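Asks: Supplied in C-alpha cells, the structure appears directly below.
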Amino acid sequence: MKQIVTRILIGMLVCSPVVIAQPLGAAQPKKLRLAFSAFAYANPPFWIAHELKLFEKYGGYDAELVYVGGSRPIQAMLGGSIDVSQVGGAAAVAAASQGAEISILGTVFTRLTFAIHASPQIKQIADLKGKIVAAGAVGGNSYFAALVFLKQFGWVANRDVGVTPAGGSPEVLAGLLQGKFQAGVLTPPTSTMAAKHGHREIFDLASLDFPFPVISVVSTRRFIDANPEVILNVLRASCEAIYLYQTRPELTVPVVAKYMRVGKDDPAVIEAQRTIGQLLNQNLPPSLEGVRFVLDHYAERQPSLLNKNPADFVDMRFVRKLEEEGFFQKFASK
C-alpha cells in the first residue's frame, strides 16, 4: 500500500510543472492591459515598449497591448477592460468635457503631421474658398488638422470652406481621386499615393509650430489614483521607447514595420523614423494650448467650455515627478 501511495505522489510531482517551476513566494507578473487607437507613424511608443519588453523592465508587468480604433479606448477604460491607452488627445478632451472621468497623463506626439492635398484644378490655396476639404471623423486628429489649416488663412469652417468628415485616410483619398472633394487631409502612405495620382500637396501642417495633443497617454482617474506607480512606469517605458526610436533604428524600425504591416526596408517606414520619429515628445509634457484649441471648438455648441481651464484635463503630477527624479535626463543626449 505504501508503495502505491509513493508512486501516486511521485506522479503528481512529475505532472505538476507549475508547482516545481514556481518557487514559493516568487512574485507573479502583474497584468497590464494597454491599448493604442491607430496604425499610424506617430504611434510607435507603445509598440516599441511592448515589443522590446520595456513594460517588463519598468514594473515587471505582463503587458497585453491591443488595437482599439478611434475613441473607443476611452469607453474600454471607463468599462474597466483597458488600464491605460495611447489615444488621440482631442478625443480624450471631448470625452472629459462630457463628464468622463479621464485625464491626459503625457503626450507622445504634439505635431499635426498631416498635409493638405488638392485636385489639379486647385492652383493655389486661395482657390479652395467655397470648396470642400475632406478629413477624418469629427473630433479626430485629421478633422482638427483641417480646422487648424483653415484658421491659418482666416477661414471659418463650413462658411468659407466646407469640412466634410469622410472616414479614415483611405476614404479621404478615395473621395479625392473620385472628385467628390477638392482637397483632403492626408498622412503617409496615403499622401504619397495622392501625389502619384496628381493631387499635389498644397500645405504641410507639420511646418506649423502649433502644439496639439495628437497622441496622448490617457487613463481613468480611478485607475490613476489607485495605481500611481503603474502610471509612472508606463510613462518611463514610453519615454525610453521614444529615445530608442530616435537613436536605435536598427532595433525599432522593424517593430514599427511589423505594426504598420510593411517590410522593414519599406521607404515609408524608414522615412517616418527620420522625420516623424524625431518629432516625438521625449519628455511627454501635455500641450495645454492644444487642449484649449479643442475646448474652444466644442464651445461653439457648449459655451460653458469657454470657462474651463485646460489644466483640468491633464494630470501633470507624474511628468513632474519624473522630471524631479532626473529620469528624463537619462535620455537627454542622443
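Asks: Given the residues R248, R221, R236, R159, which is the only one that is touching a residue at least 40 places away in the same chain (Cβ under 8 Å), of a type in the set (D, E, K, R) and out of contact with any strand residue (DSSP E or B) (no Cβ under 8 Å at 6 or more places or on another chain)? Outline the logic, then answer.
Replies: Values: R248 fails: touching a residue at least 40 places away in the same chain (Cβ under 8 Å); R221 fails: out of contact with any strand residue (DSSP E or B) (no Cβ under 8 Å at 6 or more places or on another chain); R159 fails: touching a residue at least 40 places away in the same chain (Cβ under 8 Å).
It is R236.
Asks: Output the residues belonging to region 300-326 that are buried (at least 18 other Cβ atoms within 10 Å of the Cβ) and not aliphatic (A, V, I, L, M).
Replies: Selection gives K308, P310, F313, D315, F318.
Asks: Scan region 32-89 residue by residue and report those that are within 20 Å of G290 (Cβ to Cβ) and hydroxyl-bearing (S, T, Y).
Replies: Result: S37, Y41, S71, S85.
Asks: Continuing with this model, one more query. Taking the conditions exactly as written (assigned to a helix (DSSP H, G or I) and either under 19 Å from V218 (Cβ atoms) or at pLDDT below 50 (or both)), does A49 satisfy them or not?
Replies: yes
Asks: Would you check which residues across region 77-105 are more than 15 Å from the chain's Cα centre (by Cα), among the polar types (S, T, N, Q) and under 22 Å from L32 (Cβ atoms) and list them?
Replies: Listed by number, the list holds a single entry, S81.
Asks: Here's something else I'd like to know. Check off (1) without any contact (Cβ under 8 Å) to a residue 60 or more places away in the chain; (2) among the aliphatic types (A, V, I, L, M); (3) farther than 18 Å from L235 by Cα for M316 and give me the number that stays unchecked.
Replies: With (1) without any contact (Cβ under 8 Å) to a residue 60 or more places away in the chain; (2) among the aliphatic types (A, V, I, L, M); (3) farther than 18 Å from L235 by Cα applied to M316, the lone miss is (3).
Asks: I would also like to ask the following. Just the residues that are among the aromatic types (F, W, Y) and either at pLDDT below 90 or assigned to a loop (DSSP other than H, G, I, E, B) (or both), please, taken from region 145-160. Let's see the steps before the verdict.
Replies: Filtering region 145-160 down to residues among the aromatic types (F, W, Y) leaves 149, 153, 155.
Residues satisfying the conditions are F153, W155.
Asks: Scanning region 167-202 for residues that are in contact with a Phe, Trp or Tyr (Cβ under 6 Å, 6 or more places away or on another chain) and within 21 Å of V269 (Cα to Cα), which turns out surrounded by the most Cβ atoms within 10 Å (Cβ to Cβ)? Walk me through it before giving the result.
Replies: The initial filter retains those residues of region 167-202 that are in contact with a Phe, Trp or Tyr (Cβ under 6 Å, 6 or more places away or on another chain), namely 175, 185, 187.
Cutting the leftovers down to within 21 Å of V269 (Cα to Cα) gives us 185, 187.
Details: V185: 32, T187: 24.
Checked region 167-202; the qualifying residue surrounded by the most Cβ atoms within 10 Å (Cβ to Cβ) is V185.
Asks: Next up: Checking the condition modelled with pLDDT under 95 and in the same structural domain as M260 (by TED's automatic domain parsing), which residue from G79, G69 passes?
Replies: Working: G79 fails: modelled with pLDDT under 95.
When all the criteria are applied, what remains is G69.
Asks: State the number of residues belonging to region 33-76 that are closer than 22 Å to V314 by Cα, over 14 Å from the mean Cα position of the chain (by Cα) and aliphatic (A, V, I, L, M).
Replies: Total satisfying the criteria: 1.
Asks: Looking only at residues in region 126-144 that are part of a loop (DSSP other than H, G, I, E, B), at pLDDT 90 or above and not small (G, A, S), which one is surrounded by the fewest Cβ atoms within 10 Å (Cβ to Cβ)? Quick ask: steps written out before the conclusion?
Replies: Just the residues of region 126-144 that are part of a loop (DSSP other than H, G, I, E, B), to begin with: 129-131, 136-140.
Subset that is at pLDDT 90 or above: 129-131.
When the remaining residues are screened for being not small (G, A, S), the result is 129, 131.
Details: K129: 10, K131: 16.
Top of the filtered list is K129.
Asks: Take A257 and decide whether it is modelled with pLDDT under 90 and small (G, A, S).
Replies: Numbers: modelled with pLDDT under 90: no; small (G, A, S): yes.
When the stated conditions are applied, A257 does not pass them.
Asks: Among (1) at pLDDT below 95; (2) within 21 Å of the chain's Cα centre (by Cα), there is one condition K123 misses while meeting the rest; what is its number?
Replies: Going through (1) at pLDDT below 95; (2) within 21 Å of the chain's Cα centre (by Cα) one by one, K123 breaks only (2).
Asks: Going by the structure shown, is G175 assigned to a helix (DSSP H, G or I) and more than 19 Å from the chain's Cα centre (by Cα)?
Replies: Details: assigned to a helix (DSSP H, G or I): yes; more than 19 Å from the chain's Cα centre (by Cα): yes.
Against the criterion (assigned to a helix (DSSP H, G or I) and more than 19 Å from the chain's Cα centre (by Cα)), G175 qualifies.
Asks: Looking at (1) farther than 20 Å from I231 by Cβ; (2) β-branched (V, I, T); (3) in a loop (DSSP other than H, G, I, E, B), which is the only condition V163 fails?
Replies: Status for V163: all satisfied but (3).
The values are calculated or read from the model by the stated rules, or taken from the named source; none is laboratory data. Computed from a prediction, not measured in an experiment: that's the story for all the values here. Every residue, glycine as well, gets a Cβ built from its backbone with ideal geometry; the counts of neighbours run over all protein chains shown.
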